[in-house]
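Below is one structure, written out as structure tokens; comments come after it.
Bear in mind these aren't lab numbers, they're just calculated from the coordinates by the rules spelled out. None of these values were measured; they are calculated from a predicted model. Every residue, glycine among them, receives a Cβ derived from its backbone with ideal geometry; neighbour counts consider all protein chains shown.
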Amino acid sequence: MEKLYNKLHEQGLYTKSLEDFKVQFNNEESVNKLYSNLHSSGQYTKSQDDFKQQFGFQMGKPQGAQNAV
């Protein structure tokens with residue numbers, strides 16, 4: 001998530017703090033909107049699942065949590 005924040009911040013596409021970024025994008029709806037905007041502008045070309053996995057978006061799950069069987 002921090003890598004994505006740094007890239008967006010460097011480009012002037014996100015001007016708030018990293019902590020604000022983490023709070024703002026801590027839910028499914030806002031992450032989906034972020035992905036949609038980046039994908040439609042051509043800045044991210046992989047799937048939405050790849051996006052979430054690559055940048056560590058895990059809404060409602062503690063870091064490192066895995067799905068129970």
task = DSSP loop (so not H, G, I, E, B), at most 16 other Cβ within 10 Å: list which trypsin sites (Lys or Arg not before Pro) in the range 1-53 pass both filters.
result = 16, 46
remark   = Expressed as a whole-number percentage, the relative contact order of the range 1-63 with C-alpha contacts under 8 angstrom and at least six residues apart is 38
